[in-house]
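Report on one structure; see the data block that follows.
The values are calculated or read from the model by the stated rules, or taken from the named source; none is laboratory data. Everything numeric here is computed off the predicted structure, so don't read it as measured data. Note that each Cβ is placed from the backbone with ideal geometry, even for glycine, and that neighbours are counted across all protein chains shown.
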Amino acid sequence: MKIAVVILNWNGRHLLEQFLPSVVKHSPEAKIYVADNASTDDSVEYLHKYFPEVEIIHNEVNGGFAKGYNDALQHLKEDIFILLNSDVEVTPGWIPPLKQVFDTSPETAAAQPKILDYRKKDFFEYAGAAGGFIDRFGYPYCRGRIFDTLEKDEGQYNDTIDIFWASGACMAIRREDFYRAGQFDEDFFAHQEEIDLCWRLFNLGKKVKAVGDSSVFHLGGGTLNSMNPKKTFYNFRNSLYALLKNAPNGSVFFLIFSRLVLDALAGLKFLVELKPRHLLAILQAHFSFYTHFKLFLRKRKNLSKGRKYYSKTSVVLAYFLERARRFGDL
């Protein structure tokens, strides 16, 4: 089983300089690629000079996360793609536990390691933590991270379990399943496209796993940090996209209406917190979603029948009303 580690880069020479050495050192089981999204800095020159063993894939345009990976992966023939953010430090032995899951579990299409915070290495990191889930209304959360509350890593998630979505910060996926599910949806551009892909895998009857024996450290915020209203826009809009595309027949329109109400409450919360730009981002997200409603309605296919996709009815109510702050509290 051949493995490719693929790092997407756009004007990230400083990140490559800081994090690529750990990937090269601790990934002897894999061929390492950097997919360059038409950078205008000296990333490519830096790679040629200091990492000649790393193969460079030149994307013609900066198509964001989704198109960037779609364009790059079409050139590769390895059995497993490990999609790795450029701001991730890997650890010794991080690949074999992931590989073992694919070797022993044919139904597993994708997997992720524990994702810890590079700045506070004993805490989980926002983008994926110890495995992703969603609630009935399409809001994502993780083992180790509910909204902005992050848990300390005390070994509580060192097991390997089924999850709903694997983080795009470090996602291992079978090549055949990546293409069977239809690749990343390029209309997402950035943020939550991995949730959409994993939901499509779920609807095909595949499994996604979190592998507690493997861990990496993620800097986070390399593209957009959590305080950027643009990230708020993408997260709210793309979550609606994924819901419309993949939710079961019979409930999808009720769920969209419910999200209208819940997102309005989120907007009011931002207003109370004196964050009007985030409120505006939510309004823009809904406007963009309804503008593209017919497009995403046509993308509904291979919907799962009789399988519950969510692990909690409402993580919003659990967090804000029941004061659940840890995954184990849900």
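Based on what the data block shows, is residue 75 under 25 Å from residue 231 (Cα atoms), out of contact with any helix residue (DSSP H, G or I) (no Cβ under 8 Å at 6 or more places or on another chain) and not aromatic (Phe, Trp, Tyr)?
For residue 75, the condition - under 25 Å from residue 231 (Cα atoms), out of contact with any helix residue (DSSP H, G or I) (no Cβ under 8 Å at 6 or more places or on another chain) and not aromatic (Phe, Trp, Tyr) - is not met.
Mind listing whichever residues of the range 72-84 are touching a residue at least 12 places away in the same chain (Cβ under 8 Å) and not in a strand (DSSP E or B)?
Residues satisfying the conditions are 72, 73, 75, 76, 77, 78, 79.
Return yes or no: is residue 107 under 18 Å from residue 199 (Cα atoms), in contact (Cβ under 8 Å) with a residue 60 or more places away in the chain and among the charged types (D, E, K, R)?
Answer is yes for this residue.
Within the range 34-71, how many residues are in contact (Cβ under 8 Å) with a residue 24 or more places away in the chain, over 30 Å from residue 102 (Cα atoms) and not aromatic (Phe, Trp, Tyr)?
Residues flagged as in contact (Cβ under 8 Å) with a residue 24 or more places away in the chain, over 30 Å from residue 102 (Cα atoms) and not aromatic (Phe, Trp, Tyr) within the range 34-71 amount to 9.
Out of curiosity, is residue 178 part of a helix (DSSP H, G or I), over 12 Å from the mean Cα position of the chain (by Cα), under 25 Å from residue 281 (Cβ atoms) and of a type in the set (A, V, I, L, M, F, W, C)?
no
I'd like to know if the range 136-146 contains one or more residues that are closer than 25 Å to residue 319 by Cβ, touching a helix residue (DSSP H, G or I) at 6+ places or on another chain (Cβ under 6 Å) and among the small types (Gly, Ala, Ser).
Within the range 136-146, one or more residues are closer than 25 Å to residue 319 by Cβ, touching a helix residue (DSSP H, G or I) at 6+ places or on another chain (Cβ under 6 Å) and among the small types (Gly, Ala, Ser).
Please state which one of 161, 134 is in a strand (DSSP E or B), closer than 21 Å to residue 97 by Cβ, outside the structural domain of residue 313 (by TED's automatic domain parsing) and at pLDDT 95 or above.
After ruling out the rest, the residue left standing is 161.
Among the residues of the range 209-221, is any acidic (Asp, Glu) and either crowded, with 19+ Cβ neighbours inside 10 Å or under 16 Å from the mean Cα position of the chain (by Cα) (or both)?
Within the range 209-221, not a single residue is acidic (Asp, Glu) and either crowded, with 19+ Cβ neighbours inside 10 Å or under 16 Å from the mean Cα position of the chain (by Cα) (or both).
From the list 180, 174, which residue is among the charged types (D, E, K, R) and out of contact with any strand residue (DSSP E or B) (no Cβ under 6 Å at 6 or more places or on another chain)?
Residue meeting the stated conditions: 180.
Taking the options 215, 311, 251, 304, name whichever one is of a type in the set (Gly, Ala, Ser) and modelled with pLDDT of 95 or more.
Among 215, 311, 251, 304, only 215 is of a type in the set (Gly, Ala, Ser) and modelled with pLDDT of 95 or more.
In the range 304-316, what count of residues is obtained for those that are exposed (fewer than 14 other Cβ atoms within 10 Å of the Cβ) and either in contact (Cβ under 8 Å) with a residue 12 or more places away in the chain or within 20 Å of residue 144 (Cβ to Cβ) (or both)?
Counting residues in the range 304-316 that are exposed (fewer than 14 other Cβ atoms within 10 Å of the Cβ) and either in contact (Cβ under 8 Å) with a residue 12 or more places away in the chain or within 20 Å of residue 144 (Cβ to Cβ) (or both) gives 3.
What number goes with the only condition from (1) on the phi > 0 side of the Ramachandran plot; (2) at pLDDT below 95; (3) not hydroxyl-bearing (Ser, Thr, Tyr) that residue 129 does not pass?
(2)
When you scan the range 94-112, do you find a residue that is crowded, with 16+ Cβ neighbours inside 10 Å, of a type in the set (Asp, Glu), more than 15 Å from the chain's Cα centre (by Cα) and on the phi < 0 side of the Ramachandran plot, even just one?
no
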